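To start, the structure under review is shown below, and the notes come after it.
Values in this text are rule-based calculations from the coordinates and carry no lab data. Computed from a predicted structure; not experimentally measured. Positions of Cβ are backbone-derived with ideal geometry, glycine not excepted, and every protein chain shown enters the neighbour counts.
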Amino acid sequence: MYVLGVIHGAGARAGVFGEAVEARGHTLEEWSPAWETPPPRPIDAYGAVIVFGGSMHADQDTHHPWLREENLLLERLLYQHRPLLGVCLGAQLVAKAAHSWVAPADAPEIGWFPVELTDEAEDDPVLGRLPSQFYALQWHYYTHGLPAGAVELARSEVCTQAFRLGDRAWGVQFHPEVTLAQVEQWLVEDEPIPIDRDGIRAETHQRIDEWNEIGRTLCDAFVDVAERVSAPRLSA
């Protein structure tokens, strides 16, 4: 099975998700709509799509016109019930494609913050494999509403942290894919607000191994779903 990884910059790549997909014998191919080139293969050839983060915001269509094209792609994938997972910006874009609002959060979350699963997550095929409470690596200024029919699966003190839409689309606001190298890169980039770079770096070194295991677990659960629903379609 081929998995399409939609990326939005060199610093927001597939991370440990790429490892998890390949460990299952599949191939994750990265592609960005900002490149103004087609994906490596036709969209219908992909059994699942993962939409990663980025430094832009989901409502910045004027500054990044390719976001309009990405919105159309996500609307198509939702209509086709293609297995779909959005991460951070990706979650906001999936929510937007499902006609929900996106806007600045009441407060940014940059660093490590506690997240708690909702009762509805207990039986969820993807989030249900995670601990009921955990510290998550966050890096976002925006949040989103719950699309019509969506189920909230996790929350922080600030906003929704995960949702499921139907039985084949998920969004997570935190960064389960992130590697230590990615965080180190983000820590040297400019941010619009002051952040405790030394504190985030120290906590990341402390938590990253356990966090990467959570990331692999989440991605592995999503691949399970994709294998079940995509195998009949791809073999037809």
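General remarks:
- Screening VAL51, VAL3, VAL94 for residues that are of a type in the set (Val, Ile, Thr), in a helix (DSSP H, G or I) and buried (at least 23 other Cβ atoms within 10 Å of the Cβ) leaves exactly one candidate, VAL94.
- Those residues of the range 164-179 which are within 15 Å of the chain's Cα centre (by Cα) and outside any strand (DSSP E or B), in sequence order: ARG168, GLN173, PHE174, HIS175, PRO176, GLU177, VAL178, THR179
- Whichever residue in the range 63-91 is over 23 Å from ALA221 (Cα atoms) and in contact (Cβ under 8 Å) with a residue 40 or more places away in the chain and, among such residues, is surrounded by the most Cβ atoms within 10 Å (Cβ to Cβ): GLU70
- Residue selected from the range 6-48 under the condition buried (at least 19 other Cβ atoms within 10 Å of the Cβ) and β-branched (Val, Ile, Thr), by the criterion farthest from GLU184 (Cα to Cα): VAL21
Table: residues versus (1) more than 30 Å from ARG76 (Cα to Cα); (2) not small (Gly, Ala, Ser).
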site: ARG129; (1), (2): no, yes
site: GLY149; (1), (2): no, no
site: CYS159; (1), (2): no, yes
site: ALA169; (1), (2): no, no
site: ASP190; (1), (2): yes, yes
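- Matching option when the condition is part of a strand (DSSP E or B), among the polar types (S, T, N, Q), under 19 Å from the mean Cα position of the chain (by Cα) and within 22 Å of ILE50 (Cβ to Cβ), among GLN182, GLN161: GLN161
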